[in-house]
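Each remark here refers to the structure printed beneath this line.
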Protein chains: 2
Amino acid sequence: MRISELSARSGVSVPTLKYYLREGLLPPGRATGARSAEYGDDHLERVRLVRALVESGGLSIAGVRKVVAALDSPPPTRHELMGVAQYALARERNPAADPGWRKVAGALLDDLGWQVSEESPYRADLAAALEAAVAAGLEGGGRHLAAYAKAMHRVAQIDVRNLPPESPEAALRTVVLGNVLLDPVLAALRRLAQEDVSSRRG
Amino acid sequence: MRISELSARSGVSVPTLKYYLREGLLPPGRATGARSAEYGDDHLERVRLVRALVESGGLSIAGVRKVVAALDSPPPTRHELMGVAQYALARERNPAADPGWRKVAGALLDDLGWQVSEESPYRADLAAALEAAVAAGLEGGGRHLAAYAKAMHRVAQIDVRNLPPESPEAALRTVVLGNVLLDPVLAALRRLAQEDVSSRRG
């Protein structure tokens, strides 16, 4: 397809596509003339991924380049490739989470037997979120932390099962969109379910 | 206790306590002199609730007054009282959610057999969140929506079980803090669990 069709099918404007090409986020098409090139479905998949990373994931171009580089020289396992995108989405706001709360978070993961790298940015996210909850005066949450974790493990099982097997691009795009856009869906479902649970208790 | 001790124990400054008194959010203490009054543990509980509604819940004074009014003339069931706080926390950003997506959300709740009032603001939240996810290109989420809902129902069971039985003030405070402050905890747990699930698949 021509670049105009690539634009129409991906919803990304031609000038933005040319920007992606210049930045190396999108590989060049097959030259069909001095000023024209032909693009394939793999380009379309790549554009959709880049768009999701930029628009939904809020990544910088440097952040997108990191994910794209991992696609072009993939790590040994699909698990590691998905991890590149998942870690890139972390908001890097909790680099210096309180060491005490990091220990609490780490102990929880150990107790649960979860396999999570020490490098995961979400360890610090969990530590910071727990600290904020307790600082605001929430009691009892800690008592039930393992139960909450097990419920969220079921959510994660659906997330991972949900990844399309076809192409790594499509799977990475689902990692991005699923993490960014399903949190509000889950939050609404949680509150609707609270009403159901509560109504049955009276 | 004197107002200074109420301040020390609640973490709310004396001028702010006086403001709560003037606004009727906190009932007056027992007068012990022309310019002094004595406060009890019920005042402390009330202050903690008001603080949670204002600081964590982000409610306006009018919003707080609504919750406090429900406490002072409670509805017939505890379920309805908790609902007053839960609905007050809704951000009212989706009053006009797309009717098509509202139908999708409603059909899901019907299929699940959940008892949720037509008045719940979280119906519109769910509709808007689903619409945004699909607009951004997330596929497959819909297929698994019922599975996600069931996992979040388990979360809600922990939420409701977690409500302290002692006083309605303490229970309402937990509704507020639990809804506002546990979402980030759940989001971090979800991502940590994704890594665990994914690592076992390779």
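The values are calculated or read from the model by the stated rules, or taken from the named source; none is laboratory data. Just so it is clear, the model here is predicted, and its values are computed rather than measured. With ideal geometry, Cβ positions are generated from the backbone for all residues, glycine too; neighbour counts draw on all protein chains shown. Accessible surface is based on the protein model in full, side chains and every heavy atom, while ligands, DNA and RNA are left aside. Shrake-Rupley method; radii C 1.70, N 1.55, O 1.52, S 1.80 Å.
Tabulated results
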| read-out | value |
| --- | --- |
| Solvent-accessible surface (1.4 angstrom probe) belonging to A:Arg48, in square angstrom, nearest 10 | 80 Å² |
| Average Cα contact separation per residue, region A:12-92, under 8 Å, 6 or more apart, as relative contact order % | 21 percent |
| Per-pair calculated FRET efficiency, R0 = 25 Å: B:Ala62 and B:Ala31 via Cβ, rounded to 0.05 | 0.30 |
| Low-density loop cleavage sites - trypsin sites (Lys or Arg not before Pro) in region A:113-175, where at most 15 other Cβ are within 10 Å (DSSP) | A:Arg143 |
| Heavy atoms of A:His43: accessible area, 1.4 Å probe, square angstrom to 10 | 20 Å² |
| Rotation relating A and B, chain B residue nearest the axis via C-beta, angstrom | B:Ala151, 3 |
| Contact order normalised by residue count of region A:50-202, Cα under 8 Å, 6+ apart, percent | 29 percent |
| Angstrom value of the Kirkwood radius, inverse mean 1/r, which spans all Cα pairs in chain A | 19.5 Å |
| Number of partner chain Cβ atoms within 10 Å, mean per residue of A:107-119 | 3 |
| B:Asp111, A:Asp159, ranked by accessible area, largest first (probe 1.4 Å) | B:Asp111, A:Asp159 |
| Mean separation of Cα contacts under 8 Å (6+ apart) over length of region B:1-135, as relative contact order % | 17 percent |
| Charge context of B:Arg200, other residues only, Cβ under 15 angstrom, K/R +1, D/E -1 | 0 |
| For A:Val116, net neighbour charge (Lys/Arg +1, Asp/Glu -1) across residues whose Cβ lies under 14 Å away | -3 |
| Calculated [θ] (222 nm, deg cm²/dmol) that DSSP helices of n ≥ 4 give over chain B, each run adding -39,500 (n - 2.57) | -21000 deg cm²/dmol |
| Average other protein chain Cβ within 10 Å of Cβ, residues B:71-84 | 2 |
| Accessible surface of chain B [probe 1.4 Å, protein heavy atoms]: carbon and sulfur percent | 52 percent |
| Per-pair calculated FRET efficiency, R0 = 41 Å: B:Val134 and B:Ala69 via Cβ, rounded to 0.05 | 0.55 |
| Reciprocal mean inverse distance between Cα atoms of the protein assembly as shown - Kirkwood radius, Å | 23.4 Å |
| 5 angstrom amide H check on B:Glu38, placed H, neighbours 5+ away | B:Arg30, B:Ala31, B:Thr32 |
| Where GluC sites (Glu not before Pro) fall in DSSP loop in region B:96-202, at most 10 other Cβ within 10 Å | B:Glu118, B:Glu119, B:Glu166 |
| For A:Lys66, label point 7 Å along C-beta direction: distances to other copies, nm | 4.2 |
| Solvent-accessible area per residue for region B:1-104 (1.4 angstrom probe, square angstrom) | 57 Å² |
| Within 10 Å of each Cβ in A:172-184, the average number of Cβ atoms from other chains | 6 |
| Positive minus negative residues near A:Ala31 (Lys, Arg vs Asp, Glu; Cβ under 14 Å) | +2 |
| Cross-link pairs beyond the 29 Å C-alpha cut-off, checked among B:Lys18/B:Lys66; A:Lys150/B:Lys103; A:Lys103/B:Lys150; B:Lys66/B:Lys150 | A:Lys150/B:Lys103; A:Lys103/B:Lys150; B:Lys66/B:Lys150 |
| Interface area, A with B, accessible, probe 1.4 Å, both sides summed, Å² nearest 100 | 6900 Å² |
| Hull shadow area, averaged, region A:33-117 [alpha-carbon convex hull, nm²] | 8.3 nm² |
